[in-house]
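Student: Pasting a structure here, questions to come.
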Amino acid sequence: MSRAYATPPSAFDRAAGYFKQILAIAETDVRKLRHDPWELFTRMVQPMLWLLIFGEVFTRTHAIPTGNLSYLDFITPGILAQSVLFVAIFYGVSVIWERDLGILHKLLVSPAPRSALVLGRALSSGVRGLSQGVVVYAIAATLGVELNFSVGSVAGIIVAVMLGAATFSTFSLIAACIVKTRERFMGIGQVLTMPLFFASNAIYPIDMMPAWLRHVASVNPLSYEVDALRALMINGGVSLFGLAADFAVLVLALAILTAIATRLYPTLVR
């Protein structure tokens, strides 16, 4: 009597199933925006203030040397990266909130791998980051910034924004797993954002920094995101580190943080 054995899934089927799990987590998270669209509007205020006030004023003063770019052109990619950072770094609050409601417990008992849960949240943060890109592009175009609208550049910008948002939201998730409460996390979020922002090339060139701060900026993933955005987003913009290095650092940072977050994620409910 012959026995029928189930054919084990191929590597392609396993990869496709894993990707579907990531998309399912991301879709669930992005769906929240339909119920709270005002979040997007409130996120528009900060980049508007930076470009309309800070950018316009320092463009007139010529106090910061930016080479062949006007200061407004120079700062626009930095403000986009900053907006993405500020959206992503407070992402851990929603995870703590889901734990308090019991939603996180249901996700952790699902058959989805922990890494899929982490990457799904990272992907949804990337989608939120793209909404910031639309806002910054609209403001910058209104102010006369020399934007690059070529297909290749826009595609590269989308990838850079999503990688940056994914990296910092995963970093935020790690912080949430460590502090475990919303009150403590809000304080940690404030502490994290300012050093990351000011120890980068977002609003001034690295050459202007003291030697010790240059070393900090050289290991700050935000510096590489800004560098890639400046080269792709602005006509005449160049990459200080090289686009290959920019994207390699962002991918490496995301991989390391994902591995750490995957290990810590279940501890959030303990």
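Any read-out appearing in this document is the output of simple, stated calculations on the displayed coordinates, not a laboratory observation. Because the structure is a prediction, the values reported are computed rather than measured. Virtual Cβ from ideal backbone geometry, glycine too; neighbours counted across all protein chains shown.
Student: Using the Cα atoms of segment 161-270, I'd like the radius of gyration and the largest Cα-Cα distance, Dmax, both in angstrom.
Tutor: Rg, Dmax (Cα atoms, Å): 15.3, 52.
Student: Pop out the Kirkwood hydrodynamic radius of segment 173-237 from its pairwise C-alpha distances, inverse of mean 1/r, in Å to one decimal.
Tutor: By the Kirkwood definition, the hydrodynamic radius is 13.4 Å.
Student: Based only on Cα atoms, what mean projected area does the convex hull of segment 46-200 have, in nm²?
Tutor: Mean projected area for segment 46-200: 10.6 nm², to one decimal.
Student: Tell me, what is a quarter of the convex hull surface for the C-alpha atoms of segment 11-269, in nm² with one decimal?
Tutor: Over every viewing direction, the Cα hull of segment 11-269 projects on average to 14.4 nm².
Student: Would you be so kind as to identify which of S115, Q190, V216 lies farthest towards the positive end of the dipole of the chain, taking Lys and Arg as +1 and Asp and Glu as -1 on Cβ and the Cα centre as origin?
Tutor: S115
Student: Continuing with this model, one more query. What aspartates and glutamates could a cross-link reach from K106, if we take a straight Cα to Cα line under 13 Å and drop same-chain neighbours fewer than 8 places away?
Tutor: K106 reaches E98.
Student: Over the chain, what is the relative contact order in percent, taking alpha-carbon pairs closer than 8 angstrom and at least six residues apart?
Tutor: Value for the chain: 26 percent.
Student: Compute and list, largest first, the equivalent-ellipsoid semi-axes of segment 72-164 from the alpha carbon gyration tensor, each √(5λ) rounded to a whole angstrom.
Tutor: Listed largest to smallest, the semi-axes of segment 72-164 are 33, 14, 8 Å.
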